[in-house]
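The structure appears below as structure tokens.
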Amino acid sequence: MRAGQLRQRIKIQSKTATQDSYGDEEITYTTWATVWAAVEPLTGREFIDGKMITAELTHRMRIRYRSGILEEYRVVFDSRNFDIISIIHVEEHEREIHLMCQEIR
């Protein structure tokens, strides 16, 4: 992977669940890593879910290999949040990872 292809800065965040004083679950995110990436939009669609029109956008985020990334993490890019749907280790050579993500709306 050439360095010039990685032009966007993304944050990979881990999720922590705690309980508030009422016993409700409270989710917080902390930045696990900040890395350079190539962010590529893949698909976008709108569909009717119940009586609401819902939009779904998917992206591929290509980064250098980094161990320890989990699917329960999320990606923040340009003030937009993305759930990690799957993690693909390209050619299993520990050089490149593709994070397949869906934008949270």
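Coordinate-derived values only; no laboratory data. In this text, all values refer to a predicted model and were calculated from it rather than measured experimentally. Cβ coordinates were reconstructed from backbone atoms using ideal geometry, including for glycine residues, and neighbour counts include every protein chain displayed.
Remarks
- Residue exposure sequence - Leu57, Leu42, Leu99 - by fewest surrounding Cβ within 10 Å: Leu42, Leu57, Leu99
- The mean sequence separation of alpha-carbon pairs under 8 Å and at least six residues apart, normalised by the residue count of the chain, gives a relative contact order of 25 percent.
- Global form of region 3-103, assessed from the alpha-carbon gyration tensor, a/c cut-off 1.5: oblate
- For the pair region 4-29 / region 50-103, the C-alpha centres are spaced 14 Å from each other.
- Exposure proxy ranking for Ile88, Ile10, Ile27, Ile69, based on other Cβ atoms within 10 angstrom of each Cβ and starting from the fewest, stands as Ile27, Ile88, Ile69, Ile10.
- Computed from backbone phi with θ = phi - 60° and the Karplus coefficients 6.51, -1.76 and 1.60, the 3J(HN,Hα) list for region 95-100 is 10, 9, 10, 10, 9, 8 Hz; x is used for glycine and proline.
- Coupling constants for region 66-73 follow from the phi torsions by the Karplus curve (6.51 cos²θ - 1.76 cosθ + 1.60, θ = phi - 60°), and in residue order they are 8, 7, x, 6, 10, 5, 7, 6 Hz; glycine and proline get x.
- Fewest neighbouring Cβ atoms within 10 Å first, the residues Lys11, Lys51 line up as Lys51, Lys11.
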